[in-house]
1. Name the single residue that is farthest from the chain's Cα centre (by Cα) among those in region 323-337 being open to solvent by 10 Å² or more (accessible area, probe 1.4 Å) and either among the aliphatic types (A, V, I, L, M) or within 13 Å of H300 (Cα to Cα) (or both).
2. Among the candidates G390, G347, G340, G402, which residue alone is out of contact with any Gly (no Cβ under 8 Å at 6 or more places or on another chain) and either modelled with pLDDT under 95 or open to solvent by less than 10 Å² (accessible area, probe 1.4 Å) (or both)?
3. Which number in (1) closer than 25 Å to A291 by Cβ; (2) of a type in the set (V, I, T); (3) open to solvent by 60 Å² or more (accessible area, probe 1.4 Å) marks the one condition that V198 misses?
4. Could you check region 188-293 for helices (runs of 4 or more DSSP H) lying wholly inside it with 2 or more residues that are under 18 Å from the mean Cα position of the chain (by Cα), farther than 22 Å from A87 by Cβ and modelled with pLDDT of 95 or more?
5. On the basis of being open to solvent by less than 20 Å² (accessible area, probe 1.4 Å) and without any contact (Cβ under 8 Å) to a residue 60 or more places away in the chain, does A70 make the cut?
6. Would you check which residues across region 364-401 are under 17 Å from the mean Cα position of the chain (by Cα) and of a type outside the set (V, I, T) and list them?
7. Which one of these is aliphatic (A, V, I, L, M) and more than 30 Å from S3 (Cα to Cα): A157, A165, A143?
8. Which residue, of E192, E234, is in contact (Cβ under 8 Å) with a residue 40 or more places away in the chain, open to solvent by less than 10 Å² (accessible area, probe 1.4 Å) and in contact with a Gly (Cβ under 7 Å, 6 or more places away or on another chain)?
Amino acid sequence: MSSTPRIVVTGIGASSPIGGTAAESWEALLAGESGASTLEHDWVEQYQLPVTFAAQAKVRPDTVLERPVAKRLDPSSQFALVAALEAWADAGAPEVDPERLGVDFATGIGGLWTLLDAWDTLREKGPRRVLPMTVPMLMPNSAAGNLSLHFGARAYARTVASACASSTESIVNAVEHLRDGLADVVIAGGTESVIHPVTIASFASMQALSKRNDSPETASRPGDITRDGFVMGEGAAVLIMETDAHAKARGARIYAEVVGGGVTADSYHITANDPEGTGAARAVRTALEMAGRSADEVTHINAHATSTPVGDPNEYVALKSVFGARIDEIPVSATKASTGHLLGGTGALEAIFTILALQNRIAPPTINLTEQDPAVPFRLSGEPTPLGAGDQLAISNSFGFGGHNAVAAFASV
């Protein structure tokens, strides 16, 4: 273990439903704000969608990027670049050999808007009107490729697409790649921009979305007995990760250490997670084993907690199998109550929230919890919860369609 490089986070960036930056998102999270609102789009009425709200990004990425740049990117890649620019600057724009700079990035779906807009153009105006950049804009690896191009990352540019576990898995991959010596610095994270009539209709059809159309801001309510589904969100989050030696050599500020990660598969059902939580529990144990830490040392958990009737109790079952009765004592945050569910971008955003919780020694609140479900007796609070003094160890969970499980473990510095 002594020869294993320590991996640290030196920069963060985010564009989320509650803030245009990581700092703004964190401030809004602590203040108990909700990013959900009624959708003001003609297509909501046109297609008579059963769900008329979502958690849209606070700041549109095409208002931040220069117009020529934004036009060449799907909204998902726009969000990725906005968050990466913030994170890179936050890290002090590290000087690194391009062949030692990597990209581990993720998305759950990719360039959906580009794909479906192009299909509409083809049907209505013919093939000659389809943009030549359509495929490079819609492909799932577009965000990773464009980040590699922008920052000159030549070590590698890899893409994960494992649904809602995607960007947590990208962080775990970055840890492994840095430890294996493939890079000195990695741009890691995830993005998603699929608040679209097709996805809303599909998720609503499978009864996965909340239908609280009359009260969007209270619709995402993880752990509450009245929860009825998740709220779709959008945005991106980026972590600049590097070896501890490289960070210290350049005098970088360090947010936290990424001490471990676990990635497993349920092999149970394409959309439902295993009710016994075996795969999820194994991902937690794997993360702690990589960290060389025990479950007794964990002081905070950012739960996946999507606000679905089945998912929340299944996660509790999984964590109880790891932590035993102590799970009811550990401060847990279910931050999707505020942000909605960013799908492929959610893990990276929640990793940032977990890191800031350790740095500030405070667990973010879980809003909209009016009556806690006895089947989900996590230690949730509607107010920020102090984490106390001393070393802090936290995990952030992400579980996705396809039976994907990813867990990242972070330690205070």
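The values are calculated or read from the model by the stated rules, or taken from the named source; none is laboratory data. Here the structure is a predicted model, which means the values were calculated and not measured. Methodologically, a virtual Cβ is constructed for each residue, glycine included, from the backbone with ideal geometry; neighbour enumeration extends over all protein chains shown. Only protein heavy atoms, including side chains, enter the accessible area calculation; ligands, DNA and RNA are left aside. Shrake-Rupley method; radii C 1.70, N 1.55, O 1.52, S 1.80 Å.
1. So the first thing to find is which residues in region 323-337 are open to solvent by 10 Å² or more (accessible area, probe 1.4 Å), and the list is 323-326, 328-329, 331.
Restricting the remaining residues to those that are either among the aliphatic types (A, V, I, L, M) or within 13 Å of H300 (Cα to Cα) (or both) gives 323, 325-326, 328-329, 331.
Numbers: F323: 24, A325: 28, R326: 26, D328: 24, E329: 25, P331: 20 Å.
Filtering region 323-337 for residues that are open to solvent by 10 Å² or more (accessible area, probe 1.4 Å) and either among the aliphatic types (A, V, I, L, M) or within 13 Å of H300 (Cα to Cα) (or both), the one farthest from the chain's Cα centre (by Cα) comes out as A325.
2. Details: G347 fails: out of contact with any Gly (no Cβ under 8 Å at 6 or more places or on another chain); G340 fails: out of contact with any Gly (no Cβ under 8 Å at 6 or more places or on another chain); G402 fails: either modelled with pLDDT under 95 or open to solvent by less than 10 Å² (accessible area, probe 1.4 Å) (or both).
The conditions single out G390.
3. (1)
4. Details: elements: 197-205, 244-249, 278-291.
In region 188-293, 278-291 are the helices (runs of 4 or more DSSP H) which contain 2 or more residues that are under 18 Å from the mean Cα position of the chain (by Cα), farther than 22 Å from A87 by Cβ and modelled with pLDDT of 95 or more.
5. Taking the combined requirement at face value, the residue satisfies it.
6. Filtering region 364-401 for residues under 17 Å from the mean Cα position of the chain (by Cα) gives 364, 366, 394-401.
Scanning region 364-401 gives P364, A394, S396, N397, S398, F399, G400, F401.
7. On the way: A157 fails: more than 30 Å from S3 (Cα to Cα); A165 fails: more than 30 Å from S3 (Cα to Cα).
Exactly one of A157, A165, A143 is aliphatic (A, V, I, L, M) and more than 30 Å from S3 (Cα to Cα), namely A143.
8. Numbers: E234 fails: in contact with a Gly (Cβ under 7 Å, 6 or more places away or on another chain).
Selected residue: E192, the only one of E192, E234 that is in contact (Cβ under 8 Å) with a residue 40 or more places away in the chain, open to solvent by less than 10 Å² (accessible area, probe 1.4 Å) and in contact with a Gly (Cβ under 7 Å, 6 or more places away or on another chain).
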